[in-house]
Amino acid sequence: MSAQPITARIAPGVQSLSAEEWDACAGTGNPFVSHAFLSTLERSGSANARAGWQPLPIVIDGPNGAPAAIAPAYVKAHSQGEYVFDHAWADAWERAGGEYYPKLQIAAPFTPVPGPRLLLRDESLAAPLIAAIEAVTDQNGLSSAHVTFLADGQLPAFERAGWLLRAGTQFHWQNQGYTGFDGFLDALSSRKRKAIRKERAQAVEGLTIRHLAGAEITELYWDAFWEFYQDTGSRKWGRPYLTRAFFSMLGEAMGDKVLLIVAERDGTPIAGALNLIGSDALYGRYWGATEHVPFLHFELCYYQAIDAAIARGLARVEAGAQGEHKLARGYVPVTTWSAHYIPDPAFRRAVADYLEREKQAIAQEQEYLGELTPFRRGG
């Protein structure tokens, strides 16, 4: 007897599915693929068709009619907010007479955090869900599909499907069972230990540092953080991706998963770092300040995050994309992954050749960076 055919459907947005249905597939480990986070992006106007992120989740229903597999898919009109840069691919394809946009993106928008991109209540549906992503790409004449910041454990499924894999580098702090920040410092060389202590002392002089979560994050703090976020956004990429409403909605929907670390001078917030709390990691996401204080960025984003992770017994801190300056603060290079489906054979060959050369360069870079960590040799 032949197996029943598997049918996939496209849902009109994350909000069209209930939180119970979505999270039964997504699990609870990674907050960025939760219904609360993705629907907040949608409801707040941060990730919608107007912003160039049209949410169209791809769903396979189980025998009981409830979703058994979901891909958080977006039709993209540009390549902003992804942190895996394909601008050169777009330029090459369009110079050859093709149209690179729209494309299909399987991702947590604006979030360079590795995690599951195949949300599976039934693990046997990994291959059918990948096939559904390919079918949506082919049937709608899209140039390509991209799965960014893919969890290591899901790489083999895309490799078996013949997708192109792309490596990248981030810097994560690893908790080696430290009982406090001093325990972490003891693992570093004497020179680095002294440098970090000096940085921390300078950064907090005259300031009060607060760790806020849940109901402690009032609208007063969200107003202040919105100023910080806008300042950082205008300096880095010209236009902030997230709306002001997003932050208030995030606090309402995920207050127990949000940690806001704030620096105050005489009771007034002057800087802040926004983190989300996962089952085994603290994820640093956004930072900003209205006053320049030497080393305050490192204090709020890296050292205070380490304090918070140790206190919560979390295995690591993931402090976002890029940043070789994190090395000196005890964050070590790790490999991140993306997977790419390109239907056109000639375009695929060109990208595959590019990725092979890039992979070799990244491997050499990571080997070099690994020698620059501040930890005591042989300790």
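The values are calculated or read from the model by the stated rules, or taken from the named source; none is laboratory data. Keep in mind it's a predicted model, so treat the numbers as computed, not measured. Don't worry about glycine lacking a Cβ; one is built from the backbone with ideal geometry, like all the others, and counts go over all protein chains shown. Areas reflect the complete protein model, heavy atoms only, side chains present, ligands, DNA and RNA absent. Shrake-Rupley method; radii C 1.70, N 1.55, O 1.52, S 1.80 Å.
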Open item on the list: Under a crude label model (7 Å from the Cα following the beta-carbon direction), how far is GLU252 from ASP231 in nanometres?
Closed with: 2.8
Open item on the list: Sorting check: for 49-57, 218-226, which peptide has the highest mean count of neighbouring beta carbons within 10 Å, and how do the rest follow?
Closed with: 49-57, 218-226
Task: Accessible solvent surface per residue of the range 166-306, calculated while the other protein chains remain in place, 1.4 angstrom probe, Å² - done: 44
TODO: Return the distance in nm (one decimal) between the two label points of a simple spin-label model at GLN366 and ARG50, each offset 7 Å from Cα along Cα→Cβ.
DONE: 4.1
Task: Per residue value of the accessible surface for the range 1-160 (all protein chains in place, 1.4 Å probe), Å² - done: 41
Open item on the list: What is the sum of charges, Lys and Arg at +1 and Asp and Glu at -1, for the other residues whose Cβ falls under 11 Å from the Cβ of GLU358?
Closed with: 0
Open item on the list: Could you tell me the calculated FRET efficiency between ARG357 and ARG160, based on Cβ-Cβ distance and R0 = 25 angstrom, to the nearest 0.05?
Closed with: 0.55
Open item on the list: Please report the carbon-and-sulfur percent of the accessible area for the chain; probe 1.4 Å, protein heavy atoms only, DNA, RNA and ligands left out.
Closed with: 51
TODO: With r as the distance between the Cβ atoms of THR218 and HIS292 and R0 = 25 Å, compute the FRET efficiency 1/(1 + (r/R0)^6) and round to 0.05.
DONE: 0.45
Task: Quotient of C-alpha Rg and 2.2 N^0.38 Å, computed over the chain - done: 1.02
TODO: For GLU324 and HIS211, compute 0.36 nm times the residue count separating them, minus their Cα-Cα distance, and round to one decimal in nm.
DONE: 38.1 nm
- [ ] Give LYS194/LYS326; LYS194/LYS359; LYS326/LYS359 a once-over and call out the pairs whose C-alpha atoms are over 25 Å from each other.
- [x] LYS194/LYS359
